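Here is the structure we will look at.
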Amino acid sequence: MAWFRRTQKGIQTATEDKKDVPKGLWYKSPTGKIVDAEQLEKNFYVSPEDGYHVRIGSNEYFQILFDDNQYTELDKNLTSKDPLNFEDTKKYTDRLASAQEKTGLKDAVRTAVGKSKGKDLVIACMDFKFIGGSMGAVVGEKISRAADYALEHKIPLMVISKSGGARMMEAAYSLMQLAKTSAKLAQLADAKIPYISLCTDPTTGGTTASFAMLGDINIAEPGALIGFAGPRVVKDTTGKDLPEDFQTAEFLKEHGFLDFITKRSELKNKVNQYIDLILNQPLRA
Amino acid sequence: MEYLDFELPIKELEEQYQKACAIGQESEVDVSATCRQIEKRLNETKKEIYKNLTAWQRVQLSRHPNRPYTLDYIHAICGNSWLELHGDRNVKDDKAMIGGLGKIGDQSFMFVGQQKGYNTKTRQYRNFGMANPEGYRKALRLMKSAEKFGIPVVTFVDTPGAYPGLEAEERGQGEAIARNILEMTRLKVPIIVVIIGEGASGGALGIGVGDKVLMLENTWYSVISPESCSSILWRSWEYKEKAAEALKLTAKDMKRQKLIDEIVKEPLGGAHSNREMTFDTVKNAITEAYEEFKNLSPEELISNRMDKYSNMGVFKG
C-alpha cells in the first residue's frame, strides 16, 4: 500500500513559486559536506565537518590576522595599464574593467599595515577572484612597496599567495615582476627583517618562482595546491601518472619546501609565535 | 622499564621492593622496615654498579631504549614556546634530523638534533637517528637562519652515524657534512653542543662543532662505533668491549683528551632513570654555557672557536 495518496492530479508549480533556499546560506565542501554559511565564517572559513579550507580573499585574511579588523591599506589606487594593447577573446582593458566591477577590487593584491596581536605587521594578500590572482605590474609594484614600507618602518612582512601565475596580458612585464619582488626581498633579508610567506590554495606558476618560496619561513594551509607547473601540464609533458598528493601542501612539506602547515584557526598564533621567537621578543599570549 | 645485562641486580631488587609494597597494601603486615631495607640496598647496588662502569657499559647505556631523545629534551626545556621547522628547501624533510625555535626563559634558541624513535614504527620513521644529506642541509639552513637574526644555536647529538645509503651518497653525504662543519666553525652566533646519546663520527660532528661541547656522563663520542671498529681491526664483532676500551670514547676520556669541554652529570642509574632531573640539568647547562658567550662579539666568538679546534691533535717533532 502506498504511504501517500495523490488526491489531486496534475499539480504544477511555477519555478518562481518553488520554495528554494536563497543563495549564500549554505556552503558545500568538495567532499559533499553541507555547512551553514554563518557557521563557516565563525570557523575561519574552514568547514567544521571535514576541515576543508575554503578559498577566501584579502578581506577575510585581513579580518583573521589584524586585531579587530583594523588596518590601513597601502597604495589603494594602483591600477593596471595596458602597455601592450593586449587582446585575446576580449580586450585586456575590458577584462580589467569587468574584473574590477565584479570584485570591487583594483587588482589581484591588497597590501595593508596593522596590528596583529598588538604588534605591527605588513601583509600583502592576493585575491584569486581578480583574474585568477594573476601577477602583473600592479601586483609586483604593490608587493615591492609593501616590502619598502616594512623596510622603512622595520616591521615584519607577510605575503599571502593565492595565484594562478603571471598575467599573460602583461607578457614580459609580468615575468619581470618575479625579479622585481625578489630583489626587494633580498633588501629585506639584508636588513634582517623577518619575511613570512603563506602559500594558500592555489599558489602556482610565477609566484612559486619568486616571493612564495623565499620566506624566512614558508608555510601553507592544509591541502593547498602549490607548484610551479600545473599538474595537467606536468602530466601531459611527462606522460606519467602523478602521485595522489602531488603538489599538495603536504607533498611540499615532505619534499622540504615548507617549514610547517597550519590550520587557519592557528594561523595568527603561529605567525606571531615565529616572529617573537626569531626576533627574540617575549612571547605574546 | 628495560634493563641491561649489568643492571640485572637492580632489576631484582626493584622487583623485590614492589612485591614488598604490594604485600603491605594487600595485608595488615607492616612492611615499611623491609621496604626501607630493600631501598637502601637498591641504592647501594646502584651506586656500586654505576661507579665502575666500563666503556662498553656506557655505550650500552647511551643506547638504552628508555633514554630520552632530542625532542624529549626540547619539549621539557621549551614547553609551549617550541615551534618545529621543517625541510632543507631542496629535496626532503629528513625525519632523522629535527629543528626549530624555542625559548629558555626569555631567550630564543635555534635547536637542531638527531631524533630516534621509541618503538619499531617510529624508529623506522626516524631512520634510527641516521640522517641523510638533506638532514644536514636542513640543520645548516636553520643555523644560518638563526645566524641572520642573532639567535644562539643548541644542537643535540644522538646518532649511530650518518645514513650509509645509496641515495645518501648520490646526494652527497660527505659534502653535506663537510659544509656543515665548515660553516659551523664560522657561524656568528654561539653554538652549544650537547651529546645526549651516541656521537658516531662525522654524522655527529656534522652538527657537533661548537663553542661549548657538553657530553652527558653515559654517552660516547668517537670516530667509529666500537662494533664497527672491532669488525675492521679485529675482523670480528666479538671484540666490541675491547674496542670500546681502546677508543677512549667515554665522556671522561674525551674530556681528558680535551676534545670536549664539559661533562654533564646524569642521575644515579642513568639519564632514563630520572628523566625530569636529566632535563633540568641539561637546561641549566645550556643556560650557563650561553651566559658565558652572550656578551662576546661574533669576531671573538669565532676566533676562540677556531683556536679551540686548531689546538686539537697530538704529535711529535
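The values are calculated or read from the model by the stated rules, or taken from the named source; none is laboratory data. Please read these numbers as outputs of a predicted model, since none were measured by experiment. Note that we place each Cβ from the backbone using ideal geometry, even for glycine, and neighbour counts take in every protein chain shown. These accessible areas exclude ligands, DNA and RNA; they are computed on the full protein's heavy atoms, side chains included. Shrake-Rupley method; radii C 1.70, N 1.55, O 1.52, S 1.80 Å.
Among A:Ser163, A:Ser197, which is the only one that is crowded, with 23+ Cβ neighbours inside 10 Å and within 14 Å of chain B (Cβ to nearest Cβ)? Even if it seems obvious, please write down each step before you answer.
Working: A:Ser163 fails: within 14 Å of chain B (Cβ to nearest Cβ).
On inspection, the qualifying residue turns out to be A:Ser197.
Take A:Ala191 and decide whether it is more than 14 Å from chain B (Cβ to nearest Cβ), surrounded by fewer than 16 Cβ atoms within 10 Å (Cβ to Cβ) and either over 15 Å from the mean Cα position of the chain (by Cα) or among the small types (Gly, Ala, Ser) (or both). Show your work before the answer.
Working: more than 14 Å from chain B (Cβ to nearest Cβ): no; surrounded by fewer than 16 Cβ atoms within 10 Å (Cβ to Cβ): yes; either over 15 Å from the mean Cα position of the chain (by Cα) or among the small types (Gly, Ala, Ser) (or both): yes.
When the stated conditions are applied, A:Ala191 does not pass them.
Can you tell me how many residues in segment A:242-282 are at pLDDT 95 or above, aliphatic (A, V, I, L, M) and over 22 Å from B:Lys144 (Cβ atoms)?
Of the residues in that region, 3 qualify.
If you go through segment B:199-216 one residue at a time, how many are modelled with pLDDT of 95 or more and either aliphatic (A, V, I, L, M) or farther than 19 Å from B:Leu140 by Cβ (or both)?
So the count comes out to 9.
I need a count of the residues in segment B:142-172 that are touching a strand residue (DSSP E or B) at 6+ places or on another chain (Cβ under 9 Å) and either more than 9 Å from chain A (Cβ to nearest Cβ) or among the small types (Gly, Ala, Ser) (or both).
Residues flagged as touching a strand residue (DSSP E or B) at 6+ places or on another chain (Cβ under 9 Å) and either more than 9 Å from chain A (Cβ to nearest Cβ) or among the small types (Gly, Ala, Ser) (or both) within segment B:142-172 amount to 16.
When only residues in segment A:200-217 that are in a loop (DSSP other than H, G, I, E, B) and within 11 Å of A:Ser161 (Cα to Cα) count, which is most open to solvent (accessible area, probe 1.4 Å)?
So the first thing to find is which residues in segment A:200-217 are in a loop (DSSP other than H, G, I, E, B), and the list is A:208-210, A:214-216.
Then keep just the ones that are within 11 Å of A:Ser161 (Cα to Cα); that gives A:208, A:210.
Details: A:Thr208: 19, A:Ser210: 2 Å².
Looking at the filtered set, the residue picked out is A:Thr208.
Looking at segment A:37-53, I want the residues that are closer than 13 Å to A:Ile64 by Cα and have a partner that is open to solvent by less than 70 Å² (accessible area, probe 1.4 Å) and charged (D, E, K, R) with Cβ atoms under 7 Å, at least 6 apart or on another chain. Which pairs are those?
Note: pairs meeting the criteria are A:Phe44/A:Arg264; A:Tyr45/A:Glu60; A:Tyr45/A:Arg264; A:Val46/A:Arg264.
Would you please list the contacts, defined by Cβ atoms under 8 Å and residues six or more apart or on different chains, that run from a residue in segment A:149-166 that is of a type in the set (D, E, K, R) to a residue that is outside any strand (DSSP E or B) and open to solvent by 50 Å² or more (accessible area, probe 1.4 Å)?
Hits for this filter: A:Lys162/A:Arg55; A:Lys162/A:Phe128.
Since B:Ala200 meets every condition but one in (1) open to solvent by 70 Å² or more (accessible area, probe 1.4 Å); (2) touching a residue at least 40 places away in the same chain (Cβ under 8 Å); (3) aliphatic (A, V, I, L, M), which condition does it not meet?
Of (1) open to solvent by 70 Å² or more (accessible area, probe 1.4 Å); (2) touching a residue at least 40 places away in the same chain (Cβ under 8 Å); (3) aliphatic (A, V, I, L, M), only one is false for B:Ala200: (1).
Which one of these does B:Asn119 not meet: (1) within 13 Å of another protein chain (Cβ to nearest Cβ); (2) surrounded by fewer than 24 Cβ atoms within 10 Å (Cβ to Cβ); (3) on the phi < 0 side of the Ramachandran plot?
If we test B:Asn119 against (1) within 13 Å of another protein chain (Cβ to nearest Cβ); (2) surrounded by fewer than 24 Cβ atoms within 10 Å (Cβ to Cβ); (3) on the phi < 0 side of the Ramachandran plot, just (1) comes out false.
A:Lys106 is checked against (1) surrounded by fewer than 19 Cβ atoms within 10 Å (Cβ to Cβ); (2) in contact (Cβ under 8 Å) with a residue 12 or more places away in the chain; (3) assigned to a loop (DSSP other than H, G, I, E, B) and fails just one. What number does that condition carry?
(1)
Tell me, please, whether a residue that is closer than 16 Å to B:Ile196 by Cβ, among the aliphatic types (A, V, I, L, M) and assigned to a helix (DSSP H, G or I) can be found in segment B:222-244.
Step one: of segment B:222-244, the residues closer than 16 Å to B:Ile196 by Cβ are B:222.
Pick out the ones that are also among the aliphatic types (A, V, I, L, M) and you get none.
No, there is no match, as no residue in segment B:222-244 is closer than 16 Å to B:Ile196 by Cβ, among the aliphatic types (A, V, I, L, M) and assigned to a helix (DSSP H, G or I).
Of the numbered conditions (1) in contact with a helix residue (DSSP H, G or I) (Cβ under 9 Å, 6 or more places away or on another chain); (2) open to solvent by less than 100 Å² (accessible area, probe 1.4 Å); (3) in the same structural domain as A:Ser163 (by the TED database); (4) not in a strand (DSSP E or B), A:Lys81 satisfies every one except a single condition; which is it?
Going through (1) in contact with a helix residue (DSSP H, G or I) (Cβ under 9 Å, 6 or more places away or on another chain); (2) open to solvent by less than 100 Å² (accessible area, probe 1.4 Å); (3) in the same structural domain as A:Ser163 (by the TED database); (4) not in a strand (DSSP E or B) one by one, A:Lys81 breaks only (2).
Would you mind finding the one in B:Gly313, B:Gly210, B:Gly269 that is of a type in the set (Gly, Ala, Ser) and surrounded by fewer than 18 Cβ atoms within 10 Å (Cβ to Cβ)?
Details: B:Gly210 fails: surrounded by fewer than 18 Cβ atoms within 10 Å (Cβ to Cβ); B:Gly269 fails: surrounded by fewer than 18 Cβ atoms within 10 Å (Cβ to Cβ).
When all the criteria are applied, what remains is B:Gly313.
Filter segment A:153-182 for residues that are over 22 Å from the mean Cα position of the chain (by Cα) and either part of a strand (DSSP E or B) or closer than 29 Å to A:Gln281 by Cβ (or both) and give the result.
Once the filter is applied, which keeps residues that are over 22 Å from the mean Cα position of the chain (by Cα) and either part of a strand (DSSP E or B) or closer than 29 Å to A:Gln281 by Cβ (or both), segment A:153-182 yields A:His153, A:Lys154.
Could you please let me know if B:Ser236 is open to solvent by less than 40 Å² (accessible area, probe 1.4 Å), in the same structural domain as B:Phe149 (by TED's automatic domain parsing) and without any contact (Cβ under 8 Å) to a residue 12 or more places away in the chain? Give the steps one after another, and end with the answer.
On the way: open to solvent by less than 40 Å² (accessible area, probe 1.4 Å): yes; in the same structural domain as B:Phe149 (by TED's automatic domain parsing): yes; without any contact (Cβ under 8 Å) to a residue 12 or more places away in the chain: yes.
It is true that B:Ser236 is open to solvent by less than 40 Å² (accessible area, probe 1.4 Å), in the same structural domain as B:Phe149 (by TED's automatic domain parsing) and without any contact (Cβ under 8 Å) to a residue 12 or more places away in the chain.
Of everything in segment B:101-116 that's out of contact with any Pro (no Cβ under 7 Å at 6 or more places or on another chain) and not in a strand (DSSP E or B), which residue is nearest to the other protein chains (Cβ to nearest Cβ)?
B:Gly105
Go through (1) out of contact with any helix residue (DSSP H, G or I) (no Cβ under 7 Å at 6 or more places or on another chain); (2) facing chain A (nearest Cβ under 10 Å); (3) within 28 Å of B:Arg171 (Cβ to Cβ) for B:Cys78 and report which single condition fails.
It fails just one condition, (3).
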